[in-house]
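Computed from the coordinates by the stated procedures, all read-outs in this text should not be read as laboratory data. If you're wondering where the values come from, they're calculated on a predicted model, not measured in any experiment. As a convention, Cβ positions derive from the backbone with ideal geometry for all residues, glycine included, and neighbour counts pool all protein chains shown.
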Amino acid sequence: MSDNAPKAPSRRAVLQAGSLVLLLGTQQIARGATILAVRVWPAPEYSRVTIESDGALVAKQFFVTTPPRLAVDIEGIDLSPELRELVAKVKPDDPNIAGIRVGQNAPGVVRLVVDLKQAAMPQVFTLPPVAAYQHRLVFDLYPAAPVDPLEALIAERLRDAPTASATPGKPGAATTARPAPAAPGLPGVADAVGA
């Protein structure tokens with residue numbers, strides 16, 4: 001064999017390189033992800049909660065039936081002002097979410113509890129970065145009993161219907177329908193039934 005042939009790396013060099021890779025990887029994990037944005041999207045069919053971050057988030061979830069709520073432990077992050085914003089983003093008219101609570105469950109673990117107005121079928125998943133969006137952790141909360149579209153339409157119409165006012169003569173006041181007077185010379189309804 002010639003002395004000019006490339007030498008195989010020594011075992012020590014391989015171990016040092018492997019240690020360096022592991023060390024850098026561990027630092028990146030210890031740094032944790034930074035929360036960029038939080039969003040709540042309510043809809044009659046389902047409600048969506050999205051947590052956007054600069055790195056992938058790891059989460060474990062469990063559902064409690066009485067009272068209905070979803071608890072999600074997000075690993076590798078600490079409680080931040082962005083996560084605290086999530087509490088205020090829930091609107092009173094959200095058909096599925098009653099409220100959201102966040103807290104530091106353990107070092108590096110944030111617990112998010114979504115209190116629900118009704119039993120739900122939660123779906124928790126992650127989405128990779130695309131276009132202007134970074135890594136996203138998504139909670140979709142579907143009602144356990146699907147919404148009946150006809151019932152929802154009737155409820156919407158009843159909710160949006162103008163309310164009747166008891167004061168006659170004011171604009172927008174409800175009026176009571178009165179029977180039209182009988183035409184002259186024609187028998188009235190009472191005559192037709194023999195009253």
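Structure data summary
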{"read-out": "Ranking of GLU85, GLU52 by count of other Cβ atoms within 10 Å, fewest first", "value": "GLU85, GLU52"}
{"read-out": "Rounded to whole Å, sorted largest first: equivalent-ellipsoid semi-axes of the stretch 32-143, Cα gyration tensor", "value": "21, 16, 13"}
{"read-out": "Which of ARG157, ARG69 has the fewest Cβ neighbours within 10 Å, and the rest in rising order", "value": "ARG157, ARG69"}
{"read-out": "Cα lying deepest toward the dipole's positive end in the stretch 32-143, options LEU137, GLY32, GLY99, charges on Cβ", "value": "GLY99"}
{"read-out": "At q = 0.15, 0.24, 0.32 Å⁻¹, base-10 log of I(q)/I(0) for the stretch 71-122 (Debye sum, equal scatterers on each alpha carbon)", "value": "-0.43, -0.90, -1.20"}
